[in-house]
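Written below as structure tokens is the structure these notes are about.
Since every read-out is calculated from the coordinates, none of them should be taken as a lab result. Just so you know, these numbers come straight off a predicted model, no measurement behind them. Reconstructed Cβ throughout: ideal geometry from the backbone, glycine too, with neighbour counts over all protein chains shown.
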Amino acid sequence: MFIIELDHQHLQQTLSKVEQTIGDLTPLMHSLAAELASQTEENFEHEGRPQWSELSDVTTGRRAETGHWPGKMLQVSAAGLAASITTQATDSSALVGSNKPYAAMMQFGGDQADFPQLWGDIPGRPYLPMDAGGNLQPETEQALLKLALSHLEQNVGA
């Protein structure tokens, strides 16, 4: 079995080498941004990879009162967090994120002591394909590396 392990720094170095070799990385960055969005959608679909913490009884009770329970976590409304995911790509970056004010709270969690408007502590439910330390999910690392290598092969003739 052949295993390749990749961290963010290594990915950045690989992308820098690709850029030096083939020049304009805009098409690759668009592909990477699309893949980041796809990986994010997978996290919503599977309610985390690894699985998110269960909703509290208070939350499920509130959602039941409004007709949103049972249902998928972080997907209460059609205009909610899952629908707010956007991407952006330039010649040197690929981004995925949300403009929702509560997006970071859902990704990283929060304590009621720090945010008194909450009805309880919120565990992090990483919907973006990375953890609080900025480490990519294994599926995402593999997919991004595969795209970068494929792009290099296509443009260098390797």
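Net length available on complete extension from D114 to S93 is 4.3 nm, with 0.36 nm assigned per residue and the Cα-Cα distance removed.
Semi-axes of the equivalent ellipsoid for the stretch 40-96, please: Cα gyration tensor eigenvalues, times 5, square-rooted, ordered largest first, whole Å. Could the numbers behind the result be given before it?
Details: eigenvalues 161, 36, 12 Å².
For the stretch 40-96, the semi-axes come out at 28, 13, 8 Å.
For H30, the shell of other residues with beta-carbons less than 13 Å away shows a net charge of -3, using +1 for Lys and Arg and -1 for Asp and Glu. A simple spin-label model places the labels of N135 and H30 3.4 nm from each other, with each point 7 Å out along Cα-to-Cβ. In percent, rounded to a whole number, the relative contact order of the stretch 24-151 is 32, using alpha-carbon pairs under 8 Å and six or more apart.
Under 5 Å between amide hydrogens, built in the peptide plane, is the criterion, and for V76 it picks out L81 among residues at least 5 positions away or on other chains. Calculate the all-directions average of the projected area of the chain's alpha-carbon convex hull, and give it in nm². Projected area, direction-averaged: 11.3 nm².
Among the GluC sites (Glu not before Pro) within the stretch 35-74, which fall in a DSSP loop and have no more than 12 other Cβ atoms within 10 Å of their own Cβ? Kindly include the intermediate steps, with their values, before the conclusion.
Values: sites: E35, E41, E42, E45, E47, E54, E65; in loops: E47, E54.
Within the stretch 35-74, the qualifying GluC sites (Glu not before Pro) (loop, at most 12 other Cβ atoms within 10 Å) are E54.
Using the Cα centre of the stretch 24-151 as origin and beta-carbon charges of +1 (Lys, Arg) and -1 (Asp, Glu), tell me which of L149, G48, L74 is placed farthest towards the positive end of the dipole. Looking along the dipole axis, the top candidate is L74.
Dipole check for the chain: with +1 at the C-beta of Lys and Arg, -1 at the C-beta of Asp and Glu, and the Cα centre as origin, the magnitude is about 300 Debye. Phi-derived couplings, Karplus 6.51 cos²θ - 1.76 cosθ + 1.60 at θ = phi - 60°, listed residue by residue for the stretch 47-64: 6, x, 9, x, 4, 6, 4, 4, 6, 6, 4, 4, 5, 5, x, 5, 5, 5 Hz, with x used for Gly and Pro. Report the Cα centroid-to-centroid distance between the stretch 99-158 and the stretch 20-95 in angstrom, as an integer. Taking the Cα centre of the stretch 20-95 as reference, the centre of the stretch 99-158 is 8 Å away.
Sort largest first and round to whole Å: the equivalent ellipsoid semi-axes of the stretch 96-158, each the square root of five times a Cα gyration tensor eigenvalue. All intermediate terms of the calculation are to be shown ahead of the outcome.
Numbers: eigenvalues 274, 23, 9 Å².
Taking √(5λ) for each Cα gyration eigenvalue gives 37, 11, 7 Å.
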